[in-house]
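What follows is calculated from the coordinates using simple rules that are stated; it is not laboratory data. Not measured: the values here are computed from a predicted model. Positions of Cβ are backbone-derived with ideal geometry, glycine not excepted, and every protein chain shown enters the neighbour counts.
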Amino acid sequence: MSLLGLSGPKLTLKHLSTILLMIISFFPPPSLSSVSRGVTGHPPDMDEGNDDNIYMDGDDDFGAETAKITSPGESITSARAFMRGHGTYVDSDEVIASVAGVIERVNKLITVRALRTRYSPEVGDLVIGRITEVQPRRWKVDANARQDAVLMLSSVNLPGGVQRRKLESDELQMRNFFQEGDLLVAEVQAFFADGAMSLHTRSLKYGKLRNGQLVSVPPILIRRLKSHFCSLPSGVDLILGLNGYIWISKHVRNNEKEGHEGFDAEAVYSNQNDDIDDATRTAIARVSNIIRVLASRSVPITDSIALEAYEWTVEQDVDVKDLLLEDVADALVAAVTKEPSEQW
Amino acid sequence: MSVVLPGELIQSQHKNLKLGPGLQQSGDLQGRASIVVTRAGTLEQNTKGNKFWVEGNSRRYVPAVQEPVVGIICARQGEGWRVDIGSAHQASLDGLAFEGASRRNRPNLKVNSLVYARVSLAHKDMEPELECFDAQTRKAEGFGELKGGFLVRCSLKMSRNLIDPNYFLLPLLGSRFPLDAAVGMNGRVWVSAKEVKQTIAATRCIEAADPDGGGMDQTAIKKFIGTLDL
Amino acid sequence: MRPPSPSIPEKDFFFAALDQDVRLDGRGFLEPRSLDLSFGAELGHVECSLGKTRVLAHVDAKMVRPEPQRPFEGLISIHCELSPMAGAEYEPGRSSEEETALARHLDKIFRRSDAIDREALCVLTGERVWHLRLSVHVLSAASSSSSSDAAAAAGGGGGLLDCASLACAAALRHFRRPEVEVHGTGEVTVYAPEARAPVPLALHHTPFCVSFAGRSSLKVRMLLDPAGLELRLAHGVLVLALTAQRELAVVHKAGGLPLAPETLIGAVEIAARRARELETWLDVHVRDDWARKNVEVR
Amino acid sequence: MRHTPSICGFAFAEWLVISLLYTDSVLTDEPAQSLRIEILNEGGFRSDGRRQYELREIAFDSSPQAGADGSARISHGLTEVLVSVFGPREARVRAQTLHDRAAIHVEVNIAPFSTGDRRRRGRGDKRVQELAAMIKATFEPVVQTGLYPRSQIDIFVHVLQQDGGVLPAAINATTVALINAGVPLADYVCAITGGVHAAAPMLDLTALEESDLPHVTVASMPRSGRLTLVSMETRLHVDRFEEILRLAGEAGTVIHTEMHAVVRQRTKGLLDGISTGLRASKPAEDAMVEDE
């Protein structure tokens, strides 16, 4: 009892030193009751990071120079003059953001794009996925979306030619084509009524992936490009899935591509990697690390930026594993994100 | 009208006797056919004396062929739907069992919508089947989806009363305000009037007149309607 | 087996009716259903019904050794049973979500709020205390089916928790424990009811549980004592337990329709009025039964 | 800082020991508690030197937990909670999917070392279950689940340190984690506890205060000022309750400012990366996030 009694005041005193850090404080009741909601008496230094006015009442703010950031519950504009799009909802005649991100406007349509979110598919998108389940006449594919995608047996090319008919025997040996855990590149074909996407691999560009490794980045960092298949000079191929999955693999020589004599039709569903020499392996690891670094700094990943970064690392003679060190990473990002004007 | 209990034997001399619910024919030890009561209730017969049945107060609906029922769509199932009709098992309703339905043009019923249907198959070993038309004429005859209105749950006895055209309640309500009603034999009655208050009044009258609930008779109901805000 | 969810016409009609300020059973928004209380032969045996919901509560006391860390306090345990007899949706053997929620709430209302003076249950410090057992059996709670926990808490055919807490309050009020005498030697004599009049429990206060269903169609409406369908279609359920002296014992509003503080405070005021009514109502009933049983009122 | 034990660190360590003693006594629930330490002294200070309405320091860390779609760690005074959000994603158990909206699934894990009594609480523990049920119920009306039929959103809550206000800390961290995961919300949810000591309302109670005072947990949505969670299980007069409710609502707006600043900072950081990257890689012909 006496011991605790002693430590009581001491506690208070010592604690004061830690409480100096407290940033939120309330004033006693009299002042509280006099101030209205929203401007409750917290000290002025509270407002750091909140300096610019986040609420835009007017509709003329959209032409501003910088992108407008918003977060859930914030009113964006009047619902009478504008239409709500993704990332917003309407409440009492106002368009209100439901995600944290950037406000975008296309004519009368207001959307808020979240900077970190699951992939939301569109027809024609190129995606990389992983088989999660084999079901009757279909595979379930994880493609980083809100539901697993579906790959119908009728939407794949089977060995033996494009025109081959699917037989009952194919249904029984679906695992010979894709089994759980297999990676594949495909295109979004359509949507089901519940919003799940349906994929197809009916092109020789698509199909099972091998000879490389997968890196996963936030989907927003992958932009729609002319081609999502690119080759880097060091014998590395890159497939940028719009769902944020990136496949980095050994280069397929042109004469081995489909339609050429070197094309091995039997290898389409093979689970066996080809021989990959050490130099290629190093190059693959290097590209993977570059992509990890770029993604960690939220830099959008394109073929050109990957190439530039690759050249920089070779030029600077950076060891592959050192790429992940903070200072090297910073230097790399600084080098590749220099303003174009400074570069030339 | 007499009260009978399970196990009692019924005497009837009629040659061509038809037995309704609550009665069973069985042979006794001497091999003579006799009729045994299987359910407690009152023994009823038609005027000709060739049909016997027991009016009970049981609450569980047992589907019987040709009975109209009110069901709630529970799920889609292939070409049709699974429907809850309050019986031990869910019934199935084929997508083509509607007036004017064809492979191309099938009615679109959502989960949780109400249907007024007729039991087309009721077999103890199979799940009941429903249809929303007359199989011969292929006409709807009042069956189909019930839109708007409200669903009243009452006792099976009340359902049977309401479906009897001589019963006072629905004509009485109809004399006060226009009213649509679909009476299911499964203790569910769908009512719809123009005004919300009228529908609620109909609901409350059905509950009040239910022998298993309020148990009011005609005069009491008349008085009760007077107290309601219409 | 869970009953199927309410049909679309039922739901739409319920909305339409609320927009016209009508409830499905013709009640006013703040009008509770009829209550009834019946007492068994024993003291502390009560059956309470609210609409079609019926709950039986029974209190008994037994002398036990106290827990070593609380030698001055009696023990209280609350046991709930929500068996399939209460409704087809409850499975036998397994305790349902509703049962757990009911037990949890009753525990909060009567035990954690210190409604019962535990020290008054002590007979001989560290040696003998009363162990009060409150058993709650739900006899009928038909046609509930609620996916959300909050609705489950308010329970059953509507007002399960309200009804159960009222049954418990009545049972605790009605109950009398045998008179005891402690002799200097540490010997305890328990007197038969015939020898010495049994004593009522020392209750600090009696909390009454009042539930509301929140529904926003055009505007937010609070319905007192929601019945089955209202509860199943409610956007949110608010459970309050408070005494006639305006002391809150439990506020439980988890999820569902977000409420403005004013709405909540409004509901609390209504509940406080209701608690006062219930207090008088309960008092009258318990006294009536004592008079009937010739129990000496002290 | 790391080499020399600072005064702060020292005080902290000793404080921990003391709080440990208290939590021990909390366990046994001795009523003599208030005799030992003054909850609110004559000078208007609380046992840890705060004033009645003063909140403890709140800090969020949004640094992503590898693999999660969004995560946040909150340290609120000495209470520390880590929340990871996965999804919306394919439901792991198909039977749990809802045909018209996403199912929210909350799992709470209380580390045994988070309190002095070092009790291992399994998943079946009543308190753990109740905490999970409350968090789930709080967010169900706020998350726009209708956008994701048949999907599942998993919220994993890890309580690392407890010093009062575990539920509000978990709710606040969940809000930030959900926003970080890009899950659409109607609004922020800001939670705080309030209590009353001898008719004097206080905000943000420590474990010591919680064990002694009637207290209320309130979660509010700052835009509308509406409450999604109000939970109280100790005796309190109606008038006091109203007062606490009002205060907690105001404290909610303060916490909102704090959370908002954190979210905004993170969004800005991510956006900066994207826009510099874009500027570098190409002329802004297909600029997505920049204005034309």
Next item on the list: Taking the Cβ of each residue in C:F110, D:F45 as the centre, tally the other Cβ atoms inside 10 Å and list the residues starting with the fewest.
Entry: D:F45, C:F110
Item checked: Farthest toward positive dipole pole in the stretch D:7-272 [+1 Lys/Arg, -1 Asp/Glu at C-beta], among D:V230, D:Y148, D:L40 -> D:Y148
Check: Under a point spin-label approximation (7 Å from Cα along Cα-to-Cβ), what is the B:S26-B:S12 distance to one decimal in nm?
Finding: 1.7 nm
Check: Under the definition of Cα pairs under 8 Å and six or more residues apart, what whole-number percent is the relative contact order of the stretch D:120-207?
Finding: 27 percent
Notebook entry, point to check: In what sequence do C:K52, A:K338 fall when counting other Cβ within 10 Å, fewest first?
Noted result: A:K338, C:K52
Check: From the cross-link list B:K157/B:K222; A:K68/B:K110; B:K139/C:K52; B:K194/B:K223; C:K62/C:K293; B:K110/B:K139, which pairs have alpha carbons spaced over 32 Å apart?
Finding: A:K68/B:K110; B:K139/C:K52
Item checked: Cα-based Lys pair tally, the stretch A:126-343, threshold under 20 Å, eight or more apart or on separate chains -> 10
Notebook entry, point to check: Between A:D274 and D:R92, what FRET efficiency follows from the Cβ-Cβ distance if R0 is 35 Å, with the result rounded to 0.05?
Noted result: 0.50
Check: For chain B, what class follows from the C-alpha gyration tensor (a ≥ b ≥ c being the square roots of its eigenvalues): rounded when a/c is under 1.5, otherwise prolate if a/b is larger than b/c, else oblate?
Finding: oblate
Checklist line | Using a Förster distance of 35 Å, the FRET efficiency for C:E262-B:D229 (Cβ separation, nearest 0.05) | finding: 0.75
Next item on the list: Using only alpha carbon pairs under 8 Å that are at least six residues apart, calculate the relative contact order of chain B and give it in whole percent.
Entry: 15 percent
Notebook entry, point to check: So for the pair A:R202, B:K147, with labels modelled 7 Å out along Cα→Cβ, what separation do we get in nm?
Noted result: 3.8 nm
Note to self: So, R0 is 30 Å and r is the distance between the beta-carbons of A:L324 and A:T132; what FRET efficiency does that work out to, to 0.05?
What the structure shows: 0.55
Item checked: In the stretch B:179-230, trypsin sites (Lys or Arg not before Pro) in a DSSP loop with at most 12 other beta-carbon atoms within 10 Å -> B:K194
Check: Taking the Cα centre of the protein assembly as shown as the origin, how large is its charge dipole in debye, to the nearest 20, when only Lys and Arg (+1) and Asp and Glu (-1) carry charge on their Cβ atoms?
Finding: 3700 debye
Note to self: Once you order the gyration tensor axes a ≥ b ≥ c over the Cα atoms, which shape class does the stretch B:2-55 get: rounded for a/c under 1.5, otherwise prolate or oblate by comparing a/b with b/c?
What the structure shows: oblate
Checklist line | DSSP-loop trypsin sites (Lys or Arg not before Pro) across the stretch A:86-117, with at most 13 other Cβ within 10 angstrom | finding: A:K108
Note to self: Placing +1 on the Cβ of each Lys and Arg and -1 on the Cβ of each Asp and Glu in the protein assembly as shown, which of D:I104, D:I171, A:S288 has its Cα farthest towards the positive end of the resulting dipole?
What the structure shows: D:I104
Check: Hey, which lysines would be in cross-link range of D:K126, C-alpha to C-alpha under 23 Å, not counting anything within fewer than 8 residues on its own chain?
Finding: C:K108, C:K253, D:K136
Next item on the list: Please work out whether the protein assembly as shown counts as rounded, prolate or oblate from its C-alpha gyration tensor, where a ≥ b ≥ c are the square roots of the eigenvalues and a/c under 1.5 means rounded, while otherwise a/b larger than b/c means prolate and anything else oblate?
Entry: oblate
Notebook entry, point to check: Of C:A171, D:S71, B:G149, which is farthest along the charge dipole of the protein assembly as shown in the positive direction, counting Lys and Arg as +1 and Asp and Glu as -1 at C-beta?
Noted result: B:G149
Next item on the list: Work through the residues other than D:T228 whose Cβ is under 13 Å from its Cβ and net out their charges, Lys, Arg +1 and Asp, Glu -1.
Entry: +2
Item checked: Counted charge near C:L82, where neighbours are those whose Cβ lies closer than 14 Å (Asp, Glu -1; Lys, Arg +1) -> -3
Note to self: Residues of the stretch B:131-170 with backbone nitrogen within less than 13 Å of a virtual label 7 Å along the Cα-to-Cβ line of B:L121, please, listed as ranges.
What the structure shows: B:131
Next item on the list: Report the net charge of residues surrounding A:V123, where surrounding means a beta-carbon distance below 15 angstrom and charges are Lys +1, Arg +1, Asp -1, Glu -1.
Entry: -1
Note to self: Order these by the 10 Å Cβ neighbour count, fewest first: D:I179, D:I104.
What the structure shows: D:I104, D:I179
Next item on the list: Would you calculate the separation in nanometres between label points at A:L158 and B:E195, each defined as 7 Å from the Cα along the Cα-to-beta-carbon direction?
Entry: 6.9 nm
